[in-house]
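To start, the structure under review is shown below, and the notes come after it.
The values are calculated or read from the model by the stated rules, or taken from the named source; none is laboratory data. Keep in mind it's a predicted model, so treat the numbers as computed, not measured. Because the Cβ atoms are built from the backbone with ideal geometry, glycine has one as well, and the counts that use them run over all protein chains shown.
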Amino acid sequence: MMHGGGWMFPGLAVLALFMLLILVLIGVGIALLIRSARSYGVKSERLEAKADDPLEIVRRRYAMGEITREEFQSMREDLAKT
């Protein structure tokens, strides 16, 4: 009267382990997304702070050819005084 009931328990155990594995993977994925979002926010704040640095702006303008070497040196010296 078992009608293959002997195979049912191992099948349920495998199914339960598979479901547990899926839940763990979902949890790890969510944790990685949260961690990534947090580190991205920190990096963007650092980049914004660096972009707003007056000396960095002068360096960028000199690198792009907007100002001459003399203007760059003059601006760099002025910024060093403050």
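Would segment 39-58 turn up any residue that is basic (Lys, Arg) and either modelled with pLDDT of 85 or more or not in a helix (DSSP H, G or I) (or both)?
no
Quickly run through segment 59-82 and pick out the residues that are in a helix (DSSP H, G or I) and loosely packed, with under 10 Cβ neighbours inside 10 Å.
The answer is Arg69, Glu70, Glu77, Ala80, Lys81.
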